[in-house]
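Peer 1: What follows is a structure written as structure tokens; I'll ask about it next.
The values are calculated or read from the model by the stated rules, or taken from the named source; none is laboratory data. Quantities reported herein were computed from a predicted structural model and do not represent experimental measurements. Every residue, glycine as well, gets a Cβ built from its backbone with ideal geometry; the counts of neighbours run over all protein chains shown. The protein model used for the area step is the full one, side chains on, heavy atoms only, and it has no ligands, DNA or RNA in it. Shrake-Rupley method; radii C 1.70, N 1.55, O 1.52, S 1.80 Å.
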Amino acid sequence: MSDILKYTNSISPLSDEANADYLQCIHTKTYKKGELIHIEGKVCKDLFFVESGLAKHFYYHDGNQYVFRFFSEQDFFIATDSFFNDLPAEYSTLALEETTISYLEYEDFERLCNKYHSFESFARKFVSIVAYTAISNLKGLLYLNATDRYAKFIKEYGHLQQRISLGDTAGFLGISQVQLSRIRSKK
């Protein structure tokens, strides 16, 4: 069983028929370091799964880059606004290193949901995970100071710390690299 099937089934077990149909719909692409996986302003109708590598969701505001998620091996991600609402994405996703992605197109996602109750259960649980993660990240930005946000970052992404640049870490925390250096020096 491929990694995407294993991880999907760990979220919500699929029937054998759903697994077979799902596997037939999966596409794979490798992105070079620095290559955009999807672009702000374009409609993005794919559910992505990181087979290998590292990527980030980011956007620019007032000339500053803000990072709001990192994705590494065994992570699903989507351009939420685009995927579900057929709207241009409000952010981009960039490969931070060579990254191999498996993906499912929205039309196949919908077809699988309509055809298999087990896939629809996976979709519901996946959306719940996306919503919970978004709310948790927003709460961290609203209620935590920079030092506590850094501690939360280490808890969630510490295993990736050597793979994520200081600039991207600062962009995720919403602080400057100078502030990040000060926080790190206190640890």
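Peer 1: Could you grab me the full set of residues in region 107-126 that are of a type in the set (A, V, I, L, M, F, W, C) and touching a residue at least 12 places away in the same chain (Cβ under 8 Å)?
Peer 2: Result: Phe109, Leu112, Phe119, Phe122, Ala123, Phe126.
Peer 1: Can we say Glu110 is charged (D, E, K, R) and either modelled with pLDDT under 95 or touching an Asp or Glu at 6+ places or on another chain (Cβ under 9 Å) (or both)?
Peer 2: For Glu110, the condition - charged (D, E, K, R) and either modelled with pLDDT under 95 or touching an Asp or Glu at 6+ places or on another chain (Cβ under 9 Å) (or both) - is not met.
Peer 1: Now a separate question. Can you tell me which residue among Ile135, Ile154 is modelled with pLDDT of 90 or more, in a helix (DSSP H, G or I), closer than 27 Å to Ser10 by Cβ and not charged (D, E, K, R)? Break it down into steps so the answer makes sense when it comes.
Peer 2: Details: Ile135 fails: modelled with pLDDT of 90 or more.
It is Ile154.
Peer 1: Test Lys187 against the criterion of being of a type outside the set (S, T, N, Q), open to solvent by 60 Å² or more (accessible area, probe 1.4 Å), out of contact with any Ser or Thr (no Cβ under 7 Å at 6 or more places or on another chain) and modelled with pLDDT under 90, and give yes or no.
Peer 2: Values: of a type outside the set (S, T, N, Q): yes; open to solvent by 60 Å² or more (accessible area, probe 1.4 Å): yes; out of contact with any Ser or Thr (no Cβ under 7 Å at 6 or more places or on another chain): yes; modelled with pLDDT under 90: yes.
Spelling it out, Lys187 is indeed of a type outside the set (S, T, N, Q), open to solvent by 60 Å² or more (accessible area, probe 1.4 Å), out of contact with any Ser or Thr (no Cβ under 7 Å at 6 or more places or on another chain) and modelled with pLDDT under 90.
Peer 1: Taking Leu104 as meeting all but one of (1) modelled with pLDDT of 90 or more; (2) part of a helix (DSSP H, G or I); (3) among the hydrophobic types (A, V, I, L, M, F, W, C), write down the number of the exception.
Peer 2: (2)
Peer 1: Here is a further query. For Gln65, are the conditions met, namely being open to solvent by 50 Å² or more (accessible area, probe 1.4 Å) and not in a loop (DSSP other than H, G, I, E, B)?
Peer 2: Yes; evaluated as a whole, the condition is true for this residue.
Peer 1: What pairs come up if the first residue lies in region 91-106 and is farther than 9 Å from Leu54 by Cα and open to solvent by 50 Å² or more (accessible area, probe 1.4 Å), the second is modelled with pLDDT of 95 or more and assigned to a helix (DSSP H, G or I), and their beta carbons are under 8 Å apart, counting only those six or more places apart or on different chains?
Peer 2: Hits for this filter: Glu105/Cys25.
Peer 1: Take Gln162 and decide whether it is of a type outside the set (D, E, K, R), outside any helix (DSSP H, G or I) and surrounded by fewer than 16 Cβ atoms within 10 Å (Cβ to Cβ).
Peer 2: no
Peer 1: Mind listing whichever residues of region 165-184 are open to solvent by less than 50 Å² (accessible area, probe 1.4 Å) and of a type outside the set (S, T, N, Q)?
Peer 2: Gly167, Asp168, Ala170, Gly171, Phe172, Leu173, Gly174, Ile175, Leu180, Ile183
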